[in-house]
Each structure stands twice: as structure tokens, then as C-alpha cells.
Amino acid sequence: TAAAAATYDIHTGDDLYGRLQMLPPGDDVIVHAGTYPTPGFLQVTWPGTASQPIVIHAAPGDRPILQGTFAQNTINISGSYWTLQGFEITGGSHGLRLMSVDHATIQDNVIHGTGDVGISCNFEPDNCDSVQIIHNEIYDTGKDGGTGEGMYLGCNNAACTFTNSLVALNYVHDMGGMQGDGIEIKEGAHDNIVRDNVIVRPNYPGITMYGFAGAGGPNIVERNLVWHGKADNGIQIVGQIIVRNNLVLDTAITGIASKPSQNATPHDAVIVNNTVAGAGTGCLKTNNWSTESGNVIANNALYCDGASAADITGGAAADVVIVGNIGLGTSNAPAGFTMGTTTAADIGDPATGNVYPPPASILLNAGDMAHQPVDDFNGLARVLRTVGAYDGASPTNPGWTV
């Protein structure tokens, strides 16, 4: 007979991890302030249901610390319909390693000082589906020489997959380790939304997305800020994806790049209404688009004066749409790119993060209506046909200050 759902109040001195290893559906675990060192290897299964989810959360006003060691992941988690909310998670090889997980929520946590990755779903062949990773802060990863991604979701060559999930409102910054992507979602992932994240000072790309084979809807990358990329591209994609309304500022290599990777080729990549400025070698670059279909580059503000604004390496297939883009820098696009005036006149001051178009900007009402999103970087409805991530209908930025 299944145990009845219960509520547990955990304080320092209580056996938190023993309790976490024996939770039936419906249990509610409230953890109070304090530091809770893990016992070493820790693997749990939380078998919640849609009607009886399992919730493990901090007591109101508290942020208890789950403290691991580099020799083990802080927690390996399997299960369904569970929430982990409000903790500080430090140490451990991976802060949280998801195994076979579905309908789970990881929210309002601070994860830092890990030996390797912050949050991962890369345990072959276990898949993660319908996961929400919301409003977490992740930083200072790779302390023990690991690859150091903020999030590593899915496996190489689709040996495990991350699908139908939401990654939103996270602050991922100052990544370490051998690679240090901000958010990396591997091959085979589909129907995911990566939205409203702030990614600052990654080593590798701020956002890395691959493609997939077989059925599934496109991944969506929208309204993210990637700033101060230290050694690589800002947003790196393959295809089967919509990349819209993002700000990519001050990256070492290319602002937004699309190229083949592993078994995926860059088809059905839609790159629209992004603002890219100050990338080291160029704002936007594509590779191997000459034989691929369904690709679109529209209404992007590409300000990389002294470098490349748009580099369509190897050319583009006949059905590729390139229209309504404006910027500074060289361009080999066959059409659809117009030179801007000056960076200051068109997008403001990228060095401070203020790239909201000034009132006389050339970007205002200059985009292609057919490819314009319904909203902008601030999540506000678009009124004008403005090029770039902001609508620009208001004379000053009505949204948040970068």
C-alpha cells in the first residue's frame, strides 16, 4: 500500500537526504536555513503524479545550502512531477544531474562552485521531457577541471534527449572549466523554448543548440541577452530553430552562427529581429546553407563595424530568404542587407548595453512585415516594422535596463 502524502519540516540536524530518498507521491518537504552536506553519492527517485506532485522547497525567507563534493554530483535525480525550489547548491561535480525525468520544475535556485556542470541531463540513455528550468542563477562552474557548462541538456549524437521543455528567466554567468557554454542543448532536442535568459561572460557560446531527426517542432530561442562572450560565438545553432528578439553584445567571435554539427544540418533556421553588436569577427555567419532549405535571415540589426555584418560562407540555396537586415560591416549576402549610418545613431551605445533605437534611427519602420514577430525583446507587442530586437515605438525604452 502506497504511503499517504505527508508534509515534513526539515532543520539542520535532521536527516534531509534520508528523507529525500523515500518520498511517495504528494509529499511536501520544507527545508529551513542551514548547510546540509551530502553523504557522498546521492541518487533519488521522486515518483510524483499529475494529481500528487512531490515538492521540495525552502522555507519562506530561507535559502538552505545543499553542499556536495567534487567527487560526486550533489544530487542525481530521476522521477516525474516534482519541484525543487529555493536552494543554494554548491560543490559537487554536477550541481543537479537529471536522469530519467519528466514533468519536473527546477526553480529559484542558486547553483555555483561546481566541479563541472551546473545542471545536466546527459546520463545515457535516460531522457528528459517536459522540464521547466526557471529563474535560477548559475555561476563559477568547472572548478575541478570539468567542461563547466551552466546547463548541459541532452547527449552527443542524440544518445539521450531533452524535449518539450522550458528554460527561462535564468541568470547564467562567469562560466569556467574547459568549455563553459552558458546553456547547451544537444542533438535530438526539439520543441524546447529558451527564453528571457541573461547570459554573461561565458567561455564557449552563451547558447548552443543543435538539430534533430524525425518528428518534432522547432526549438525557439527568444528574448535572451548574451553579453561579453569571452572566447567564442554568442548564439551558435544548427537548424530547425527560430532565433528571434535576442540581444547579442560583445562576443569574441561571431554574434550568431549557424553551421552543421554532429549529424545535423542547418535547414529551417529562422533568424529574425535580433540585435547583434560588437562581435569580434562578425555579427552573423552561416556555413553550408547552399544546399539546405527553409532558412531565413530577416530584420536583424547587425552592427559590427570594422568586421563582418553578414557572412554567408559558401553561398545560399535558392529558397533562402534574406531581407530587411540593416547594419555596419562588410556583407556578402546576395540581397537583403542595407548599410546603416552610425552605431550611435542607429542603436545607441552597445558598450553600456543600451541598444534601444534612438528616435531618428534608420531601423524604425524599416523591416519586412512578413517576417516580423508579434512581440519584441521586452515582450511587448510590436507596433512598428522595426529592425532588431526592440519595437522602438516609444521614444525611450519602456522595458528593463540591460
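The values are calculated or read from the model by the stated rules, or taken from the named source; none is laboratory data. All figures in this text were calculated on a predicted structure; none of them were measured in a lab. Cβ sites come from the backbone with ideal geometry, for glycine too, and all protein chains shown count toward neighbours. The accessibility values were calculated without ligands, DNA or RNA, using every heavy atom of the protein model including side chains. Shrake-Rupley method; radii C 1.70, N 1.55, O 1.52, S 1.80 Å.
A few comments on the model shown:
- Residue-normalised accessible area of the range 111-213, given per residue in Å² at a 1.4 Å probe: 29 Å²
- Charged-residue dipole, Cβ positions (Lys, Arg, Asp, Glu), the chain about Cα centre, Debye nearest 20: 500 debye
- Amide H to amide H distances under 5 Å link GLY282 with GLY255, SER308, where only residues 5 or more positions off or on other chains count and H is placed in the peptide plane.
- The chain - percent relative contact order, Cα under 8 Å, separation 6 or more: 7 percent
- Applying 1/(1 + (r/R0)^6) with R0 = 51 Å to the Cβ-Cβ distance of MET22 and ASP305 gives a FRET efficiency near 0.25.
- Rounded to 0.05, the FRET efficiency of the MET369 and PHE41 pair, given R0 = 41 Å and the Cβ-Cβ distance, is 0.10.
- Within the accessible area of the range 102-226 (1.4 Å probe), percent carbon and sulfur: 48 percent
- For the range 331-377, the equivalent ellipsoid derived from the Cα gyration tensor has semi-axes of 20, 16, 10 Å, listed largest first.
- log10 of Debye I(q)/I(0), alpha-carbon scatterers only, for the range 148-265 at 0.12, 0.23, 0.24 Å⁻¹: -0.35, -1.35, -1.45
- Set of aspartates and glutamates with alpha-carbon distance to LYS186 below 19 Å, sequence-local pairs under 8 removed: ASP102, ASP116, GLU124, ASP126, ASP129, GLU149, GLU222, ASP232, ASP268
- Accessible area (Å², 1.4 Å probe, nearest 10) - VAL402: 40 Å²
- Shown here is the pair-distance distribution of the chain: with all Cα-Cα distances grouped in 20 Å bins from zero up to the longest one, the shares run 29, 52, 18, 1 percent.
- Separation between Cα centres of the range 136-173 and the range 36-99, rounded to whole Å: 16 Å
- Straight-line cross-link partners of LYS143 among the lysines, defined as a Cα under 17 Å from its Cα and at least 8 positions apart when in the same chain, are absent.
- The share of accessible area on the range 283-335 that comes from carbon and sulfur is 49 percent, using a 1.4 angstrom probe.
- Rg over Rh [alpha-carbon atoms, Kirkwood Rh] for the range 248-311: 0.98
- Using θ = phi - 60° and Karplus 6.51 cos²θ - 1.76 cosθ + 1.60, couplings along the range 115-128 (whole Hz; Gly, Pro as x): x, 9, 9, x, 10, 10, 9, 8, 9, 5, x, 6, 9, 10
- Percent of Cα pairs in the range 177-245 per distance bin of 10 Å, from zero to the largest separation: 23, 52, 23, 2.
- When the Cα positions of LEU23, VAL101, HIS228 are compared along the charge dipole of the chain, HIS228 comes out farthest toward the positive end, with charges on each C-beta of Lys, Arg, Asp and Glu.
- Dividing the C-alpha radius of gyration of the range 250-402 by 2.2 N^0.38 Å, with N its residue count, gives 0.99.
- The range 182-202 and the range 360-401: distance between their alpha carbon centers, rounded to Å: 23 Å
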